[in-house]
Amino acid sequence: MAETKIPRATAKRLPIYYRYLNILLDADKKRVSSTELSEAVKVDSATIRRDFSYFGALGKRGYGYDVEKLLAFFKKILNQDTLTNVALIGVGNLGHALLNFNFHKNSNVRISAAFDVNEAIANTVQSGVPVYPMTELKKQLIEQQIEIAILTVPTTAVQHITDELVDANVKGIMNFTPLRISVPDTVRVQNVDLTNELQTLIYFIEHYGEQLGDH
Ligand code: ATP
């Protein structure tokens with residue numbers, strides 16, 4: 001949100017809070033204390049209180065937080081009440097898996113267009129999502145007002161495609177390749193390197209196996 005500059009770590013926890021608050025709402029719970037929330041989402045209660053204070057959502061002592069109010073609040077912050085269309089570039093193994101997954105449990109985001117250079121897959125529909133040839137990238141993104149793109153292409157192609165995305169006014173890129181891409185300041189990149197994540201996990205298990213904690 002433009003008006004509230006919140007720390008990245010806080011922003012990352014918001015969807016976790018949001019998901020749990022929805023569970024509480026479904027269970028007809030009207031209020032929740034930061035201690036209860038803390039146990040459920042495994043974030044210490046001081047952090048939760050600090051996170052919430054960024055939004056001016058202050059709980060009342062002895063009462064806790066109003067579930068419905070908090071939810072309405074987070075819904076706005078997380079843009080849960082508007083549908084965000086996302087593009088996926090590269091319909092290979094990982095791209096296919098993401099198309100299939102298509103963020104079903106979170107109905108406000110969906111991959112609405114996919115792109116691939118491979119002529120055998122372009123102009124087909126995969127998991128209900130149209131796949132366009134790369135030549136249509138800019139046109140489709142602009143027409144469909146897509147500002148977010150997921151990159152599941154080989155590393156050799158990723159920078160070139162990134163430049164095309166920037167040219168098509170994309171604001172955010174989720175990069176699944178291990179290559180760090182260059183973008184102007186106006187574009188935000190989220191890197192998701194699955195191999196790296198797994199290797200980090202293995203490293204921690206091997207080196208700190210006896211003292212696992214919140215690292
Ligand atoms: P993954 O890495 O997702 O497991 P894969 O091993 O099936 O995929 P890759 O070679 O990594 O295949 O390519 C992923 C997809 O990206 C393929 O469908 C490929 O056709 C597509 N692709 C390759 N180069 C480009 C490009 N320049 N522009 C768009 N798509 C591309």
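Quick notes on this structure:
- The residue that is modelled with the lowest pLDDT, among those in the stretch 56-73 that are part of a loop (DSSP other than H, G, I, E, B) and open to solvent by 50 Å² or more (accessible area, probe 1.4 Å), is Leu58.
- Residues in the stretch 80-102 that are open to solvent by less than 80 Å² (accessible area, probe 1.4 Å) and without any contact (Cβ under 8 Å) to a residue 12 or more places away in the chain: 1 in all.
- Subset of the stretch 74-110 that is assigned to a loop (DSSP other than H, G, I, E, B) and within 16 Å of the ligand (Cβ to nearest atom) - its residue that is farthest from Phe176 (Cα to Cα): Asn102
- Selected residue (criterion: most open to solvent (accessible area, probe 1.4 Å)) from residues of the stretch 1-42 that are without any contact (Cβ under 8 Å) to a residue 24 or more places away in the chain and closer than 11 Å to Leu71 by Cα: Arg19
For every residue, the table says whether it meets (1) of a type in the set (A, V, I, L, M, F, W, C); (2) over 19 Å from Ile146 (Cα atoms); (3) out of contact with any Phe, Trp or Tyr (no Cβ under 7 Å at 6 or more places or on another chain); (4) assigned by TED's automatic domain parsing to the domain that holds Ser38.
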| site | (1), (2), (3), (4) |
| --- | --- |
| Gly64 | no, yes, yes, yes |
| His96 | no, yes, yes, no |
| His104 | no, no, yes, no |
| Val109 | yes, no, no, no |
| Ala120 | yes, yes, yes, no |
| Thr124 | no, yes, yes, no |
| Tyr132 | no, no, no, no |
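- Qualifying strands (runs of 3 or more DSSP E) (wholly inside the stretch 111-215; at least 2 residues being surrounded by fewer than 17 Cβ atoms within 10 Å (Cβ to Cβ)): 124-126, 129-133, 188-191
- Any hit, the stretch 46-55, residues being surrounded by 14 or more Cβ atoms within 10 Å (Cβ to Cβ), at pLDDT 90 or above and not in a loop (DSSP other than H, G, I, E, B): yes
- Check on Ile77, among the hydrophobic types (A, V, I, L, M, F, W, C) and modelled with pLDDT of 90 or more: no
The values are calculated or read from the model by the stated rules, or taken from the named source; none is laboratory data. Bear in mind that the values here come from a model prediction, so they are computed numbers and not experimental data. Quick reminder, even Gly has a Cβ in these numbers, built from the backbone with ideal geometry, and neighbours come from all protein chains shown. Side chains are part of the model used for accessible areas, which takes the heavy atoms of the whole protein and leaves out ligands, DNA and RNA. Shrake-Rupley method; radii C 1.70, N 1.55, O 1.52, S 1.80 Å.
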